[in-house]
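The values are calculated or read from the model by the stated rules, or taken from the named source; none is laboratory data. Here the structure is a predicted model, which means the values were calculated and not measured. Glycine also receives a Cβ, built like all others from the backbone with ideal geometry; neighbour counts cover every protein chain displayed.
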Amino acid sequence: MDSKQESFECDTLSEVRIIIVGKTGNGKSTLGNILLGKSSFPVCCSMSSTTLGTQMDEGQFKGKQLKVVDTPDIANLGLTSDEAQRQVSEWKRLMTPDPHAILLTVRCDAPYTPTEYALYRQLQWLWGGNSLSQRLVVAFTFGDRLDLQVDTVLRTVSKELQSVVKDASGRYVVFNSKATDDEKGQQVQNLLDILEKLGRDFVITYITDKTGKRG
Ligand SMILES: Nc1nc2c(ncn2[C@@H]2O[C@H](COP(=O)(O)OP(=O)(O)OP(=O)(O)O)[C@@H](O)[C@H]2O)c(=O)[nH]1
Ligand SMILES: [Mg+2]
């Protein structure tokens with residue numbers, strides 16, 4: 001098994017690498033803290049970006065080592081394209097050989113804006129080709145403010161948001177920072193279940209591509 005195949009096999013791996021991206025105020029740092037079960041990343045409600053640089057921390061969840069990278073909103077910080085490219089290179093370096101998940105935070109209590117979609121497209125371009133989509137999971141944040149089931153809401157959201165969810169092959173998880181610790185644990189488990197399936201699907205595709213037969 002080569003390192004690429006290994007990097008996707010989340011069910012057997014002891015380390016799971018997760019990077020969190022998205023618009024300022026969407027709850028990226030809060031989500032990082034939910035995943036790690038501790039206050040690793042500063043969280044604030046502010047008119048400007050709270051997270052100004054890339055941060056990383058690690059924690060344990062049910063015997064797995066989670067490595068989480070929290071990122072700033074590169075568009076809101078007004079970075080030049082060279083600076084933005086350097087940021088993304090730094091994220092990739094921290095997630096070597098590859099992240100198991102790129103979590104794109106989207107608030108489920110506010111309309112999805114063209115600015116937010118432009119940030120997603122910029123990130124996709126900076127990451128290179130369609131490689132971001134392979135590991136993309138939409139993280140719907142502010143789940144405490146969601147009145148309906150997400151799959152119901154997704155039928156009526158903008159074409160842009162529908163295309164993001166399609167890029168992620170329908171992978172999404174709802175997070176709610178106001179939930180109990182047990183409920184937050186279930187949110188993390190929901191994500192890991194998705195990553196396990198992603199790992200299995202990747203191995204099947206990998207073996208099929210190599211041998212022409214399903215594994
Ligand atoms: N009600 C509610 N508030 C949340 C939730 N997630 C985050 N928040 C609040 O949203 C605000 C912004 O959260 P952050 O985690 O700092 O957002 P961020 O995406 O890291 O923002 P930047 O660092 O500026 O890019 C804080 O006041 C959080 O408490 C949630 O699920 N529910
Ligand atoms: Mg932050």
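Table for the structure above
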read-out	value
Scan of segment 116-142 for residues that are in a helix (DSSP H, G or I) and not hydrophobic (A, V, I, L, M, F, W, C), ordered by number	Glu116, Tyr117, Tyr120, Arg121, Gln122, Gln124, Ser131, Ser133, Gln134
Unmet criterion (only one of (1) surrounded by fewer than 16 Cβ atoms within 10 Å (Cβ to Cβ); (2) under 15 Å from Gly27 (Cβ atoms); (3) in contact with a helix residue (DSSP H, G or I) (Cβ under 7 Å, 6 or more places away or on another chain)) for Pro97	(2)
Filter result (in contact (Cβ under 8 Å) with a residue 40 or more places away in the chain and either more than 18 Å from the chain's Cα centre (by Cα) or within 14 Å of ligand 2 (Cβ to nearest atom) (or both)) within segment 34-74	Ile34, Leu35, Thr54, Lys62, Gly63, Val68, Val69, Asp70, Thr71, Pro72, Asp73, Ile74
Subset of segment 143-160 that is assigned to a loop (DSSP other than H, G, I, E, B) and either within 16 Å of ligand 1 (Cβ to nearest atom) or among the aliphatic types (A, V, I, L, M) (or both) - its residue that is nearest to Pro114 (Cα to Cα)	Val157
Qualifying positions in segment 75-91 - away from ligand 2 (no atom under 13 Å from the Cβ), within 19 Å of Ile102 (Cβ to Cβ) and either at pLDDT below 95 or touching a Phe, Trp or Tyr at 6+ places or on another chain (Cβ under 8 Å) (or both)	Ala75, Leu79, Val88
Residue count for segment 55-71, restricted to those that are within 11 Å of ligand 1 (Cβ to nearest atom) and not in a strand (DSSP E or B)	1
Which listed residue, of Ser40, Ser14, Ser46, is modelled with pLDDT under 95, more than 16 Å from Gln189 (Cα to Cα) and not aromatic (Phe, Trp, Tyr)	Ser46
Count of segment 151-162 residues which are loosely packed, with under 13 Cβ neighbours inside 10 Å and under 18 Å from the mean Cα position of the chain (by Cα)	0
Where a residue in segment 5-33 is farther than 16 Å from Ile194 by Cα and its partner, wherever it lies, is at pLDDT below 95 and in a helix (DSSP H, G or I), with Cβ under 7 Å and at least six apart	Gln5/Val203; Gln5/Tyr206
Any hit, segment 88-100, residues being within 11 Å of ligand 1 (Cβ to nearest atom), in contact with a strand residue (DSSP E or B) (Cβ under 9 Å, 6 or more places away or on another chain) and among the hydroxyl-bearing types (Ser, Thr, Tyr)	no
Subset tally (residues that are outside any loop (DSSP other than H, G, I, E, B) and on the phi > 0 side of the Ramachandran plot) for segment 72-109	0
